[in-house]
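Enquirer: Encoded as C-alpha cells, here's the structure I'll be asking about.
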Protein chains: 2
Amino acid sequence: MKKADDGILAAKGFKAGAAAAGIKSDDRLDIGLVWSETPAAAAAVFTQNSIVAAPVVLSRRNVAGGKVRAVVVNSGNANCMTGDEGRRHAQAMADDSAALLGAGEKEILVASTGIIGRPLPIDKVRAGIKAAFEKPGTGDDFATAIMTTDTHSKSVAYTCEIGGKAIVIGGCAKGSGMMQPNMATMLAFLTTDAAIATELLDKALREAVRTTLNSITIDGCTSTNDTLAIIANGQAGNPSIDEENDDYKTFVETLRQACLDLALMLVRDGEGATMLVTVNVRGAKDYDQAKQIGYAITNSPLVKTAAHGKTANWGRIAQTVGTLGLDITEDSLDVGVENPADDELIINVTVQLGDAEATVYTCDLSKDYVDINVEYN
Amino acid sequence: MKKADDGILAAKGFKAGAAAAGIKSDDRLDIGLVWSETPAAAAAVFTQNSIVAAPVVLSRRNVAGGKVRAVVVNSGNANCMTGDEGRRHAQAMADDSAALLGAGEKEILVASTGIIGRPLPIDKVRAGIKAAFEKPGTGDDFATAIMTTDTHSKSVAYTCEIGGKAIVIGGCAKGSGMMQPNMATMLAFLTTDAAIATELLDKALREAVRTTLNSITIDGCTSTNDTLAIIANGQAGNPSIDEENDDYKTFVETLRQACLDLALMLVRDGEGATMLVTVNVRGAKDYDQAKQIGYAITNSPLVKTAAHGKTANWGRIAQTVGTLGLDITEDSLDVGVENPADDELIINVTVQLGDAEATVYTCDLSKDYVDINVEYN
C-alpha cells in the first residue's frame, strides 16, 4: 500500500465538480458533485441519531439498491428538521443530478451539512448542481465544497495491488464540530476503481470504519447528518473481489488506512483543536467496553481542558473511568501518559476486566471551541 | 416555611470553626469542623463513582451507625487515589475530631475536596482541626473553608413549624467543577434541630435530593468525593417525627427547598458560568427517562456554548435528544425556549413517550471554564 494523489479523484473513472451557490453567506464553495463515469457499486453508513436529516433518509433508501453513480452534497444547511419540504428538496437534488448524469434517480446519494432547522434555498442549490456538473474540477474542489467550520480540506488516497492490478482508494471528509460519529463521520466520501461485490464492499466499509471514523470524537455530539459512502466502479480491471480472500483483506487494510488518515485529519482540525489525544484502553472485557472507556475519557471536558494545557491529569481520567458503573477501583486502574510531540498526547489506560483493547481519538477543548460555537448560532 | 440566617449554624445547638491550615497554596480557609453540642442522628448520600476517595469510604461506614456528632472537612486536596496512607489520614481526621469533641470516632464524618492523587499534608490538617475547634466562628466561615474553585460561599436556612415548634434546617454547599452529582453534590452539609427518626431522616434526604442536588450538572463529571450529609440533634423540642405523617411532609418540603436553593447556587457559580439554564422535560415514559433526556441536553457542549451566547439553538437540542436511542423523531419532538432574565434560559422539551416530567439545571460553557481547568492542573 502506498499513498496517491488527488483524493476523491485518485481512482480511475471518477469526476467531480464544485460550485459557490450562495448557501453560505460568502463566496465559498458549497455544492459538490462527484460521479463515476460508468455504473458502480456502493456502500454507505449513516448516523444512528433517531432524528435524521432528509438527505440521510433518501440516501439510506437509495444505497440499499447497491448501485450508485454519484454523490451530491451541499454545505451551509443541514436540511434537517425541515419536514416534508425538506424531503422534497433532497429528492430534487437527486433528480437534478440523475438527469444531468443520465442516471436513475435511485443511483444518487445526497448529503447536507450545516445549520439545522432552516429551509434549504432550493433554487440556489439546483443552479449550483448544474454549475458543478458543467465545470468538473479537482478532488480538492469537491473536498472544499463540503466543509463547514473546517479550517482546511481533508483528502487521502492509497494504491495497492489486487490480482496483479493496481487499484486506488481515495476520498475526503469534513467535520469539526457536532462530532462523535456513530456509524459514520459527519461526511466522508470514498471512491475506488476496484471491482468488488456490493456485499463485500459494504462489509469492508463497516470493518474499516469501526476502528477509525467510528472511533473519534470532538465534542461527543452525534450529528443528524453523518454520512460515509464509498463508490466502486471496477475500472482498475482487477478480478472482482467476490469472497473474503487475501484480496479482500488487502482491500480492507487499504480502506482502513484511508479511513484512519481521514479520521485523524478530522480530529486534528476539530473546532479549536491544538492537540491530538490518543487514548489506548487495554484489559477490557470486550472491544465495545474498551471503546466505552475510551469515549468516556475522550468526552470528559476536564480531560480535554487538561489536554489543552498539554498535560493529562490522571485524577480526572480516573474520575471519568469511575463513573461508568464498571468494576474498576483505585487498585485495578493503571494510567500512563506519553508526550510524543508538542501537539500530541497519548493516554494509556489499563483495567483488569479482560483482554480486549481499543483506541479512541480526540482533540483538546480550547477557548476557540467556545468562540466558534457561540458564534455559529 | 420561611428563610432564616447563618446557614449551617441556623439550627439550635450547632457550632462550627474554620482554619487556614496551609493545604491551599495561599492563606485561605481550608479546614472546617461543624458539630452538634449533643448526640444527633444523621443521614448522608455519597458519590456513585466506582473510584471513591478515602474519606468517602470512612464516612459511608460511620453514617451507617446513624449517630453523628460532627463533620470535618478539608479543601485543597481530595485525598483520593492515595492508597493505604490516604485511608490512615482520613481516619486520623476522624480520631482527632472525636477526641476534641469527646465523641466516639464513629460519630465523625470526614470529607475532602481538591486535587486528586496527592498525599494529604496530615500534620497541617491535624493542626488545622485543633485550631478550628478552639475558635468557633460563623456559619459562613465553615461554608468558606470547604470551597475550591467556587467564587463565593453558599449557605441557606429555612424555618417551619412542626408539632407547634419552630424547627430550622440550614446548610451550605460547595462545588463548581467536576460536577454532575450522582447521589449527592460535591460537598453539602445540612444541620437541623428537628427531632426525627434516623430512617426517616435518611428517606427525607434522598427524597429532597433527587429533584435538587441530584438534578444539576456543570460539566457532566461525577466526582470521586461527592458527599451530602445532614445532622439532626432534636433541640427544637418538636415531637419526634417517627412516621410519614404531615410533619414528615413539612420536613421534606422544607429540606427540599433548602437543597434546591443550594443546587441553584452551585449551578449559578459553576466554573465560568454566566447563565442559569433550566431544562424542563415533559412527556417521558418515567421520571428517570425524563431526567436522562434533561441530562443529555444539559451536558451537550453545543447546547452549553449556545447558552453562553444567550440563546438556545434548537437544532442542537434536537440533535442531542436524538442520540439517546429513544423513539423520538422530528415529528414527535417539541422544543420551546424562554428568556425570563438576561442571565437565565428555560428550555422546554416535550416528547411523546408518556406523562412523566423532570427538570435539570445547568450553566453555560464559557471560555472561563476552559481557563480555569487548564490552570487547575
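Enquirer: Would you work out which of B:Tyr369, B:Thr113, B:Val281 lies farthest towards the positive end of the dipole of chain B, given +1 charges on the beta-carbon of Lys and Arg and -1 on that of Asp and Glu, about the Cα centre?
Expert: Comparing the listed Cα positions along the dipole, B:Thr113 ranks first.
Enquirer: With a/c under 1.5 counting as rounded, go ahead and sort segment B:86-227 into rounded, prolate or oblate using the C-alpha gyration tensor (a ≥ b ≥ c being the square roots of the eigenvalues; past the cut-off, prolate if a/b is larger than b/c, else oblate). Display every interim value, and only then the final one.
Expert: Working: a/c = 1.68, a/b = 1.16, b/c = 1.44.
Cα axes put segment B:86-227 in the oblate bin.
Enquirer: Sticking with this structure for a sec: About the Cα centre of segment A:2-268, what is the dipole size in debye to 20, counting +1 per Lys and Arg Cβ and -1 per Asp and Glu Cβ, all else neutral? Working shown, then result.
Expert: Details: 27 positive and 31 negative charges, 78 e Å.
My answer is approximately 380 debye.
Enquirer: Sticking with this one: Working out 0.36 nm times the residue gap between A:Arg206 and A:Val337, then minus their Cα-Cα distance, what length gain in nm do you get to one decimal? Display every interim value, and only then the final one.
Expert: On the way: separation 131, 0.36 × 131 = 47.16 nm, distance 3.06 nm.
Stretched fully, the A:Arg206-A:Val337 segment lengthens by 44.1 nm.
Enquirer: Roughly how far apart, in whole Å, are the Cα centres of segment A:344-362 and segment B:10-80?
Expert: Rounded to whole Å, the Cα centres lie 35 Å apart.
Enquirer: Moving on to the next point. Is the shape of segment A:235-341 rounded, prolate or oblate, going by the alpha carbon gyration tensor and its root eigenvalues a ≥ b ≥ c, with a/c under 1.5 for rounded and a/b larger than b/c for prolate?
Expert: On the way: a/c = 3.29, a/b = 1.74, b/c = 1.89.
The shape class here is oblate.
Enquirer: How far apart, in nm, are two points set 7 Å out from the Cα along the Cα-to-Cβ line at B:Ile372 and at B:Leu324?
Expert: Taking the simple label geometry, B:Ile372 and B:Leu324 are separated by 2.7 nm.
Enquirer: Okay, next question. What whole-number value in cubic angstrom gives the convex hull volume per residue for the C-alpha atoms of chain A? Before the final figure, lay out the partial values.
Expert: On the way: hull volume 48.0 nm³, N = 377.
Here the figure is 127 Å³ per residue.
Enquirer: Suppose every Lys and Arg Cβ carries +1 and every Asp and Glu Cβ carries -1, with no other charges. What dipole size does segment A:74-200 come out with about its Cα centre, to the nearest 20 debye? Spell out each step's value before the answer.
Expert: On the way: 11 positive and 14 negative charges, 56 e Å.
With only Lys, Arg, Asp and Glu charged at Cβ, the dipole is about 260 debye.
Enquirer: Take B:Glu161 and A:Lys165, extend 7 Å from each Cα along the Cα→Cβ direction, and tell me the distance between the two endpoints in nm.
Expert: Distance between label points: 9.3 nm.
Enquirer: Give the relative contact order (percent, whole number) for segment B:255-372; include only Cα pairs under 8 Å separated by 6+ residues. Mind showing how you got there, number by number?
Expert: On the way: 226 pairs, mean separation 53.0, N = 118.
Normalised by residue count, the contact order of segment B:255-372 is 45 percent.
Enquirer: So which trypsin sites (Lys or Arg not before Pro) in segment B:278-344 pass both tests, a DSSP loop state and at most 16 other Cβ atoms within 10 Å of the Cβ?
Expert: On the way: sites: B:Arg282, B:Lys285, B:Lys291, B:Lys304, B:Lys310, B:Arg316; in loops: B:Lys285, B:Lys310.
When the trypsin sites (Lys or Arg not before Pro) of segment B:278-344 are filtered for loop state and at most 16 Cβ neighbours within 10 Å, B:Lys285, B:Lys310 remain.
Enquirer: Rounding to the nearest 20 debye, state how big the charge dipole of segment A:248-377 is about its Cα centre with +1 on each Lys and Arg Cβ and -1 on each Asp and Glu Cβ. Can you show the working numbers first?
Expert: Working: 10 positive and 20 negative charges, 31 e Å.
In debye, rounded to 20, segment A:248-377 gives about 140.
Enquirer: How about A:Lys24: which lysines have a C-alpha closer than 28 Å to its C-alpha, ignoring those fewer than 8 places off in the same chain?
Expert: The reachable lysines, counting only those whose Cα sits under 28 Å from A:Lys24, are A:Lys15, A:Lys106, A:Lys124, A:Lys130, A:Lys135, A:Lys154, A:Lys174, A:Lys367, B:Lys304, B:Lys310, B:Lys367.
Enquirer: What does a probe at A:Ala131 reach in segment A:59-99, counting residues whose amide N is under 16 Å from the point 7 Å along Cα→Cβ?
Expert: Label zone hits: A:73-77.
Enquirer: Of A:Val337, A:Leu326, A:Ala358, whose Cα points farthest to the positive end of the dipole of segment A:318-359 (charges on the beta-carbon: +1 Lys, Arg; -1 Asp, Glu; origin at the Cα centre)?
Expert: Most positive-ward Cα: A:Leu326.
Enquirer: Also, I was wondering about something else. With a ≥ b ≥ c the root eigenvalues of the C-alpha gyration tensor of segment B:142-298, is it rounded (a/c under 1.5), prolate (a/b larger than b/c) or oblate? Walk me through the intermediate numbers first.
Expert: Values: a/c = 2.28, a/b = 1.45, b/c = 1.58.
Here segment B:142-298 falls in the oblate category.
Enquirer: For segment A:133-166 and segment B:305-322, write down the distance between their C-alpha centroids in whole Å.
Expert: 32 Å
Enquirer: Next up: Computed FRET efficiency, Cβ-Cβ of B:His152 and A:Gln91, R0 60 Å: what is it to the nearest 0.05? Mind showing how you got there, number by number?
Expert: Values: r = 57 Å, r/R0 = 0.95.
So, using R0 = 60 Å, E works out to roughly 0.60.
Enquirer: Next question, about the same structure. How much net charge surrounds A:Leu109 when only other residues with a Cβ under 12 Å from its Cβ are counted (Lys, Arg +1; Asp, Glu -1)? All intermediate terms of the calculation are to be shown ahead of the outcome.
Expert: Details: positive: A:Arg60, A:Arg61, A:Lys67, A:Arg69, A:Lys106; negative: A:Glu105, A:Glu107.
With Lys, Arg at +1 and Asp, Glu at -1, the neighbours total +3.
Enquirer: Per DSSP helix of 4 or more residues, -39500 (n - 2.57); summed, then divided by the residues of the protein assembly as shown. What does that give at 222 nm, rounded to the nearest 500? Walk me through the intermediate numbers first.
Expert: Details: 20 runs with 246 residues, N = 754.
Rounded to the nearest 500, it is -10000 deg cm²/dmol.
Rule-based calculations on the coordinates, nothing more; no lab input. Everything quoted here is computed from the prediction, not taken from an experiment. Note that we place each Cβ from the backbone using ideal geometry, even for glycine, and neighbour counts take in every protein chain shown.
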